[in-house]
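Shown next, in structure tokens, is the structure this report addresses.
Read the figures in this text as sums done on the coordinates, not as results from a lab. It should be emphasised that the depicted structure is a prediction, and the values quoted were computed from it without experimental measurement. Heads up, the Cβs are rebuilt from the backbone with ideal geometry, glycines too, and the neighbour counts pull from every protein chain shown.
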Amino acid sequence: MGTRAGRRVLGLALGLLLGAAALLWAAGARPSRGTGAGGGRPAVEPADHSTRSLASAPARPPAPAPAAATAGRADTGRPADPVAGPADPGTGGQGRPGPAEPGGRRRRRGPETRTVVLALGVLLTTAALLWAADLLARRAAEGLVAQALQEQTGTFERPTVQVRGAFFLPQVLRGRYEEVDIAMEGLVSGPLRIDSVRAELDDVYLSFHDLLHGETDEVVIRYTEAEALLTYDDLNEYLDLTGRPLTLAEADDGELMVNGSVDVLGATLEASADADIGSEDGELVVQPTRFGGIEGLDRVSELLLDQRFTFRVPLDPLPFAQRVTDIGLVDAGVVVDVAGEWVVLDP
């Protein structure tokens, strides 16, 4: 991902976060309808205590009850309430509101219900925005690390980078990515080609500023472990380009075998040898252990033949190789495990 693409992705991610914050602020700042000036419940007017109680009023003869009230007494068997007033036919004769009619109006939703619905909507929208921002920021970081690796190693194919972790935005803000997986194909440095590299990186430091601008001067890695495959074809091509008339192959017993035609004391000898492969100073070292098919060589010829069949293979193309931890043989070639600490990628 280039500079412009990185800026667009990070800008969109930040815009999504700001939109979520604005929605949350709007939900918290919106006043509830039907409240007083102070934001509380409507003020209740004080009761008028100037009215005299019924007990202190002078006795008056009871007024004749209305017809509707008389009907209420006939239905309930109790005297009508002189204060309640005439009965409402829809209230059962008691002067109190009865149940709503089936065709009556629906009760309006209160301000508390609307606030809860709005809050739930804001939470769901914010969760979706954060998920999208997390995904976009993850892709931007992976693209920038892949760009740095490609520029340093010169690979034609773009490396595959995967940043682990369920929550990515906290890693972006602090500029440290805990676990990163790398897959690279076809690393070339001079005459040597490495078929594939699989690496696991711990604590990759990439600043938020560099991620925002889509370019970086360096990527620092606290610890690396990588596995590289060098095929027999690539190793034989390296030997040919460096002027060594030797070839590598897997022996019948699964060991390494070296074949070649070399000059020894003015004579050309065709030989094959079982060989060991090890490492020294970050390089692969191949040494013959036993020659076959040659008899009658003196001590000097044997020493010269041993020198001709011994060679080194540098591991310069590997960006994470500080030391070799293990070497193994497979059907396709040689597998080399390497590790490093505080490795710096300098594109």
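With +1 assigned to the C-beta of every Lys and Arg and -1 to the C-beta of every Asp and Glu, and no other charges, what is the dipole magnitude of the stretch 231-345 about the Cα centre in debye, to the nearest 20? Before the final figure, lay out the partial values.
Working: 6 positive and 24 negative charges, 74 e Å.
Taking the Cα centre of the stretch 231-345 as origin, the dipole is about 360 debye.
Enumerate the residues in the stretch 296-320 having an amide nitrogen under 18 Å from the point lying 7 Å beyond the Cα of GLU283 toward its Cβ.
Correct set: 306-319.
Per-residue HN-Hα couplings for the stretch 205-214, Karplus 6.51 cos²θ - 1.76 cosθ + 1.60 at θ = phi - 60°, whole Hz, x for Gly and Pro?
Taking θ as phi minus 60°, the curve returns 9, 9, 5, 5, 4, 5, 5, 5, 8, x Hz for the stretch 205-214.
How far apart, in nm, are two points set 7 Å out from the Cα along the Cα-to-Cβ line at ASP331 and at LEU173?
5.1
Highest mean first, what order results for 152-162, 251-261, 224-234 on Cβ atoms within 10 Å? If you can, show how the numbers build up before the last one.
Working: 152-162: 15.7, 251-261: 14.2, 224-234: 19.3.
Answer by packing, highest mean first, reads 224-234, 152-162, 251-261.
Quick check: Cα centre of the stretch 313-344 to Cα centre of the stretch 244-261, how many Å?
Taking the Cα centre of each part, the stretch 313-344 and the stretch 244-261 sit 21 Å apart.
Would you mind computing, in nm to one decimal, how far apart the modelled labels at ASP233 and LEU118 are, each placed 7 Å from Cα along Cα→Cβ?
Each label point is offset 7 Å from its Cα along the Cβ direction, giving 6.8 nm.
Tally Lys and Arg at +1 and Asp and Glu at -1 over the other residues with C-beta under 11 Å from the C-beta of LEU187: what net charge comes out? Working shown, then result.
Numbers: positive: ARG193; negative: GLU157, GLU185, ASP195, ASP234, ASP316.
Every neighbour counted, the sum reads -4.
Can you give me the long-range amide H partners of LEU284? Hydrogens built in the peptide plane at 1.01 Å from N, cutoff under 5 Å, separation of 5 or more residues or another chain.
Distant-sequence amide H within range of LEU284: VAL313, LEU315.
Enumerate the calculated ³J(HN,Hα) couplings along the stretch 313-318 in order (Karplus 6.51 cos²θ - 1.76 cosθ + 1.60, θ = phi - 60°), each rounded to whole Hz, writing x wherever the residue is Gly or Pro.
The phi angles translate into 10, x, 10, 4, x, 6 Hz.
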